[in-house]
Amino acid sequence: MMIKTEKQYHSTQEWLHKFEHTVSQIENNETLKADPRRQKFYRDSYQSQVVELREQIMEYETLTTHDPKTPLTLNLEDINDLPLLLIKARMAAKLSHKELADLAGLEEAQIQEYEENDYETASFIDVMSVFYALDITVKKGEFIVPLDTLRRTPITQEELLSKTN
């Protein structure tokens, strides 16, 4: 999950505080102290949420406070992450949806919808318009085509959707 808006940022901060408070309560719970394995299980499960929320907050803060005059390097480990890369680039450039839409020759509502849905509804040409509007360049882009194990049967829509989640 990625924080994309100020509203989500504040909501995530609230959830972080709730999870941190719960971790503290678990550590001080006398009933759970009597069962250390159960206490550890609860603490670890809530603590993992704390770690994840902190990472999301840190990423959002890094993007929104990045100096727009300094190039930003974003890594793409999986092509399915391209939509998040576009969103991160817009945020770091401090462009509003409207500003990006104007640069890409699209409508503001389209950009908002695309980002809301991680560009699932965007055409390839619209994705490329945003890509070029953000002036993104690819260095050392490497795509592997495993010819020896290339599938010879059609991919189902269910398989495709499972690969993108």
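Taking the stretch 39-127 as the region of interest, the helices (runs of 4 or more DSSP H) fully inside it that hold 1 or more residues being more than 17 Å from the chain's Cα centre (by Cα) and free of Cβ contacts under 8 Å to residues at least 40 places away in the same chain are 97-104, 108-116.
Among the residues that make up the stretch 109-127, is at least one of them modelled with pLDDT of 95 or more, in contact with a helix residue (DSSP H, G or I) (Cβ under 6 Å, 6 or more places away or on another chain) and farther than 20 Å from Thr5 by Cβ? No, the stretch 109-127 contains no residue that is modelled with pLDDT of 95 or more, in contact with a helix residue (DSSP H, G or I) (Cβ under 6 Å, 6 or more places away or on another chain) and farther than 20 Å from Thr5 by Cβ.
From the list Ile57, Ile26, Ile3, the lone residue that is farther than 22 Å from Leu86 by Cα and of a type in the set (A, V, I, L, M, F, W, C) is Ile26. Which pairs do you get when a residue that is in a helix (DSSP H, G or I), found in the stretch 140-163, comes within reach of a residue that is modelled with pLDDT of 80 or more and surrounded by 10 or more Cβ atoms within 10 Å (Cβ to Cβ), reach meaning Cβ atoms under 9 angstrom, with the pair 6+ apart or on two chains? Listed pairs, sorted by first residue: Lys163/Asn80.
Being of a type in the set (Val, Ile, Thr) and within 30 Å of Ala93 (Cβ to Cβ) is the filter; apply it to the stretch 1-49 and report the residue that is surrounded by the most Cβ atoms within 10 Å (Cβ to Cβ). So that I can check it myself, show each step before the final result.
Taking the stretch 1-49 as the starting set, the residues that turn out to be of a type in the set (Val, Ile, Thr) are 3, 5, 12, 22-23, 26, 31.
Adding the requirement that they be within 30 Å of Ala93 (Cβ to Cβ) leaves 3, 5, 12.
Details: Ile3: 23, Thr5: 13, Thr12: 18.
Result: Ile3.
The values are calculated or read from the model by the stated rules, or taken from the named source; none is laboratory data. Treat the numbers as computed from the prediction; the structure is a model and nothing was measured. Glycine gets a Cβ as well: all are built from the backbone with ideal geometry, and neighbour counts include every protein chain shown.
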